[in-house]
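Pasting in a structure now, in structure tokens, and then I'll have a few things to ask.
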Amino acid sequence: MEAVFGLLLMLLRVSHGVETSCDGRQDGAQCYGALGGTVVLQLMDSASEIFRYEWSKNNKTAILQGGKNKKLINQIEKRSSFSDGTFRINSLSRTDSGEYTLQTYDSSGQRSEQRTLQLFIQAPVSSVLLVSECLSQGWTRVSCSSEGGDSPQYSWTLDGHTLTDAELLSGNHETNNIILKQDVSGRLVCSVRNHISSVSREENISTCKGVETSCDGRQDGAQCYGALGGTVVLQLMDSTSEIFRYEWSKNNKTAILQGGKNKKLINQIENRSSFSDGTFRINNLSRNDSGEYTLQTYDSSGQRSEQRTLQLFIQGVEAYCDGRQDGAQCYGALGGTVVLQLMDSASEIFKYEWKKNKTTTIFWGKKTIVTNNIANRSLFTPSDGTFRINNLSRTDSGEYTLQTYDSSGQRSEQRTLQLFIQGVETYCDGRQDGAQCYGALGGTVVLQLMDSASEIFRYEWKKNNKTAILQGGKNKKLINQIENRSSFSDGTFRINNLSRNNSGEYTLQTYDSNGKKSEPQTLQLFIQAPVSSVLLVSECLSQGWTRVSCSSEGGDSPQYSWTLDGHTLTDAELLSGNHETNNIILKQDVSGRLVCSVRNHVSSVSREERISCIFINCTLSNGTHISQWVSAATNTLCIELTTAPTTETSTVGKETVNTVTITNVTSSNQTVTSSISDDPWYFRKNNVVAIAGVLLALVILVLVGVAVICSQKKQKNDKPKEETDEQELTYADVRFMQRQGQQVQKRAEVEVEYGQVKFPQRPRQSVERAGDDCLYAQVHKDR
């Protein structure tokens, strides 16, 4: 009941004071009121001039009845008032929604007028959450969501003006999720409104630089990584000002960088890179940037003074998989990266092996150096148990087994996971005029252009009606302008390493032996960045609802879907949003394994989280009262680590259990800690008396325990040292344990357990009386 009452209070606080007005004198008027608020309805010009009137809801019993020289009858007078044509209704609830009809009558009893109005009761919009993140291409994705409001509508401004198409990559200024183009920055404001309220939130958006990585390439043989479409910063040397001449080349071919003391810098890729005193920054990375790079330096006599190499790997899509469950199925993209969560922490495991098809990949033990057989393209982090594999190939697919062992050499656990490496490869039938085809950025697309090229006398395939990419025909040599990354075989064209420049309209033109053209055939090719990692953010709202936001990195035109414990979310579980939006609000008491799946035309990925909100109610030692809904998984409120009493409330079934922790400081700077967990059936009747009784009993028992300890110690100290066996009492552990098997009872039965009395040795010394410096007694109550 306390939780329900608290929820009602919060709802009233949200809506209190929200007053709306509406002119209902026009037939068919639409009026809006705030949940818990007030609505003022102008029903007529003057009631004093109307002989008789009735105002009813849904054509049932009249709510208002009155007229000239007639007594006013108001069925809801406890929360409303009527004054000469104006009706004021307070404490609005959703049941007030409906169609209302006003009927007026003249002195002869004839109906003179009838008109209706629709009243809609909405929850007001309250706090707004604004979440922004940088995507790998340098774009900025921003998500806007509000708490509690019915039928929210969104609008965006940047530095005071409405967002334009030139600033937006996707979405529009009336959606709640947008992606801003590169170099767009400023004061971004999201405004959320409905018919009875409006609220906004602003954030200063800075220009995103895309996914940026850095690497120290000053060591020979360094391995460096960059993200597809992102930026890599390479530290090649300490300072160029002291080097007479240097060259930095890729795969031992033409130098990319050339320079030296008093020499002009030559940069072959200066349109997307910069070099400054030993640091080389490369932007808009592509897979072609992967390779071995060599730095050679020369002295003033032309002799080579140094040579060192570095390997640069450009990674594509990164996927994550939790492999801590036996039988997990994990997926990675061909040429991309997969992060596998193998264990919570390897530091607590005596020895483990991770094998693929019986061949050991990783071997580690507490006294053994980590062995990683694919260390050249992977990284294992023992502290969090994650294994990162880069530059994935199809040979990485297979069944992997983790075996752990204890200190005696016995196997303590074994579990497997299946890893599937998928090429981001798409297929499209382009034989229909106007076909729409999709390819993955950095991936492969297979286009079926014709049934059989061998039967066509001559053909040309052009992009944007410019120079032909493909030319050929019966008994004619095939000309392919992009043969370094594509292949054509009897009507099927395969294009690899796709870039955004491949997007466009393509036209196939065929000719017969007389040179006559057939009807041209076009297709649209769209290159999309695949969806990669998914971010799932949840928060408990004041009404006990759970707001969840789902967003993915890198994917163009993402589409969303939700499941809870394996089934699609239903209207009974959703307060707002639907199972195809990326922002949802779940109703109270909805909990379980929530999965958000994100897909586009070239990829799909998902992320899951266990959702559970609980209501806590406690008062801290400083007098602060906490009463709110929090996530069960991350709750740290109502838990104090200081030397003061704290109260923590949690839910067990339908009962509320309070835990009081009392910490005292003794003369020897040790602490006494006692925890009292109340029996919900007992404390329900009289919390104050119960807690006071238990605390009094604890104080008495602690005093008795301390007195016994001090008495024994005093007697011991009065004896000669030889008679005390050179020992002294350190502490006694006093425990209060509730008897097992007891259920409903008027008070908890407690038994006292004494024990753990230790007598540490002391060196021999002359006999002397010790002070009454009792150390401590530790008091527990175990459930």
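Consider Asp326 carefully, then state whether it is farther than 24 Å from Thr444 by Cα, in contact (Cβ under 8 Å) with a residue 60 or more places away in the chain and part of a loop (DSSP other than H, G, I, E, B).
So Asp326 passes the test.
Right, next: With the requirement that a residue be buried (at least 17 other Cβ atoms within 10 Å of the Cβ) and of a type in the set (A, V, I, L, M), what does segment 469-480 give you?
Answer for segment 469-480, where residues must be buried (at least 17 other Cβ atoms within 10 Å of the Cβ) and of a type in the set (A, V, I, L, M): Ile469, Leu470.
Considering segment 241-266 alone, what residues qualify as being open to solvent by 20 Å² or more (accessible area, probe 1.4 Å) and under 46 Å from the mean Cα position of the chain (by Cα)?
Of everything in segment 241-266, those that are open to solvent by 20 Å² or more (accessible area, probe 1.4 Å) and under 46 Å from the mean Cα position of the chain (by Cα) turn out to be Glu247, Lys250, Asn251, Asn252, Lys253, Thr254, Ile256, Gln258, Leu265, Ile266.
Another question about this same structure. Taking Asp289 and the conditions (1) open to solvent by less than 20 Å² (accessible area, probe 1.4 Å); (2) without any contact (Cβ under 8 Å) to a residue 40 or more places away in the chain; (3) among the charged types (D, E, K, R), which numbered condition does it fall short on, given that it satisfies the others?
With respect to (1) open to solvent by less than 20 Å² (accessible area, probe 1.4 Å); (2) without any contact (Cβ under 8 Å) to a residue 40 or more places away in the chain; (3) among the charged types (D, E, K, R), Asp289 is out only on (2).
Something else about it: Evaluate segment 45-55: report whether one residue or more is farther than 18 Å from Asp106 by Cβ and exposed (fewer than 14 other Cβ atoms within 10 Å of the Cβ).
no
Checking Asn578 against (1) assigned to a loop (DSSP other than H, G, I, E, B); (2) in contact (Cβ under 8 Å) with a residue 12 or more places away in the chain, only one condition comes out false. Which one?
The one condition Asn578 does not meet is (2).
Then there's this: Any idea how many residues of segment 538-561 are open to solvent by less than 40 Å² (accessible area, probe 1.4 Å), part of a strand (DSSP E or B), of a type outside the set (Ser, Thr, Tyr) and within 13 Å of Ile611 (Cα to Cα)?
Of the residues in that region, 3 qualify.
Taking Leu234 as meeting all but one of (1) closer than 27 Å to Asn376 by Cα; (2) more than 34 Å from the chain's Cα centre (by Cα); (3) not basic (Lys, Arg), write down the number of the exception.
(2)
Any chance you could count how many residues in segment 472-528 are within 27 Å of Ser557 (Cα to Cα) and in contact with an Asp or Glu (Cβ under 7 Å, 6 or more places away or on another chain)?
4
All but one of (1) modelled with pLDDT under 85; (2) assigned to a strand (DSSP E or B); (3) open to solvent by less than 30 Å² (accessible area, probe 1.4 Å) hold for Leu234, so report the exception by its number.
It is condition (1) that Leu234 fails.
Could you say whether any residue in segment 247-254 is out of contact with any strand residue (DSSP E or B) (no Cβ under 9 Å at 6 or more places or on another chain) and of a type outside the set (A, V, I, L, M, F, W, C)?
Scanning segment 247-254 turns up at least one residue that is out of contact with any strand residue (DSSP E or B) (no Cβ under 9 Å at 6 or more places or on another chain) and of a type outside the set (A, V, I, L, M, F, W, C).
Here is a follow-up. Determine if segment 155-169 includes at least one residue that is more than 34 Å from the chain's Cα centre (by Cα), in a strand (DSSP E or B) and of a type in the set (Phe, Trp, Tyr).
no
Table: residues versus (1) modelled with pLDDT of 90 or more; (2) acidic (Asp, Glu).
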site	(1), (2)
Ser15	no, no
Cys22	yes, no
Asp27	yes, yes
Gln30	yes, no
Gly36	no, no
Trp55	yes, no
Lys68	no, no
Ser91	yes, no
Arg94	no, no
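Ok, one more. Kindly provide the set of residues from segment 603-625 that are over 27 Å from Glu573 (Cβ atoms) and open to solvent by 20 Å² or more (accessible area, probe 1.4 Å), ordered by number.
Passing the criteria: Ser603, Thr619, Leu620, Ser621, Asn622, Gly623, Thr624, His625.
Please identify the pairs in which a residue from segment 371-388 that is open to solvent by 40 Å² or more (accessible area, probe 1.4 Å) has its Cβ atom under 6 Å from the Cβ atom of a residue that is among the β-branched types (Val, Ile, Thr), counting only partners at least 6 apart or on another chain.
Asn373/Thr361; Arg388/Val339
Scan segment 278-314 residue by residue and report those that are assigned to a strand (DSSP E or B) and of a type in the set (Gly, Ala, Ser).
Across segment 278-314, the qualifying residues are Gly291, Ser305.
Could I ask something else about it? Regarding segment 481-489, can at least one residue be identified that is free of Cβ contacts under 8 Å to residues at least 12 places away in the same chain, open to solvent by less than 60 Å² (accessible area, probe 1.4 Å) and either of a type outside the set (A, V, I, L, M, F, W, C) or within 25 Å of Gly442 (Cβ to Cβ) (or both)?
Yes, segment 481-489 contains a residue that is free of Cβ contacts under 8 Å to residues at least 12 places away in the same chain, open to solvent by less than 60 Å² (accessible area, probe 1.4 Å) and either of a type outside the set (A, V, I, L, M, F, W, C) or within 25 Å of Gly442 (Cβ to Cβ) (or both).
When residues of segment 519-537 are filtered for being open to solvent by 10 Å² or more (accessible area, probe 1.4 Å) and out of contact with any Lys or Arg (no Cβ under 6 Å at 6 or more places or on another chain), how many remain?
12
Would you pick out the residues in segment 105-149 that are outside any strand (DSSP E or B), touching a strand residue (DSSP E or B) at 6+ places or on another chain (Cβ under 9 Å) and at pLDDT 80 or above?
Asp106, Ser107, Gly109, Ala123, Pro124, Val125 - these are the residues of segment 105-149 that are outside any strand (DSSP E or B), touching a strand residue (DSSP E or B) at 6+ places or on another chain (Cβ under 9 Å) and at pLDDT 80 or above.
Those residues that are at pLDDT 90 or above and among the charged types (D, E, K, R), I need them from segment 495-511; list them, please.
Of everything in segment 495-511, just one residue is at pLDDT 90 or above and among the charged types (D, E, K, R), namely Glu505.
Still on this structure, please answer the following. What are the residues in segment 87-117 that are in contact with a helix residue (DSSP H, G or I) (Cβ under 9 Å, 6 or more places away or on another chain) and of a type outside the set (A, V, I, L, M), if any?
Scanning segment 87-117 gives Asn90, Ser91.
Need the failing condition index for Ser513 against (1) on the phi < 0 side of the Ramachandran plot; (2) open to solvent by less than 50 Å² (accessible area, probe 1.4 Å), just the number.
(2)
Moving on to the next point. On the basis of being open to solvent by 30 Å² or more (accessible area, probe 1.4 Å) and under 30 Å from Val338 (Cβ atoms), does Asn501 make the cut?
yes
Something else about it: Given (1) assigned to a strand (DSSP E or B); (2) touching a residue at least 24 places away in the same chain (Cβ under 8 Å), where does Leu92 come up short, assuming only one miss?
(1)
Here is a yes/no grid of residues against (1) open to solvent by 40 Å² or more (accessible area, probe 1.4 Å); (2) free of Cβ contacts under 8 Å to residues at least 60 places away in the same chain; (3) more than 27 Å from Val199 (Cβ to Cβ):
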residue	(1), (2), (3)
Arg111	yes, yes, yes
Arg115	no, no, yes
Gln122	no, no, no
Leu130	no, no, no
Cys134	yes, no, no
Val142	no, no, no
Ser151	yes, yes, no
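May I ask you to verify whether Ile196 is hydrophobic (A, V, I, L, M, F, W, C), touching a Pro at 6+ places or on another chain (Cβ under 7 Å) and open to solvent by less than 40 Å² (accessible area, probe 1.4 Å)?
The answer is yes for Ile196.
Moving on. Scan Gly439, Gly423 and give me the residue that is open to solvent by less than 60 Å² (accessible area, probe 1.4 Å), modelled with pLDDT of 85 or more and in contact with a helix residue (DSSP H, G or I) (Cβ under 9 Å, 6 or more places away or on another chain).
The conditions single out Gly439.
The values are calculated or read from the model by the stated rules, or taken from the named source; none is laboratory data. Owing to the predicted nature of the structure, the values given are computational and were not obtained by experimental measurement. With ideal geometry, Cβ positions are generated from the backbone for all residues, glycine too; neighbour counts draw on all protein chains shown. Just so you know, the surface numbers come from the protein's heavy atoms only, side chains and all, with ligands and any DNA or RNA stripped out. Shrake-Rupley method; radii C 1.70, N 1.55, O 1.52, S 1.80 Å.
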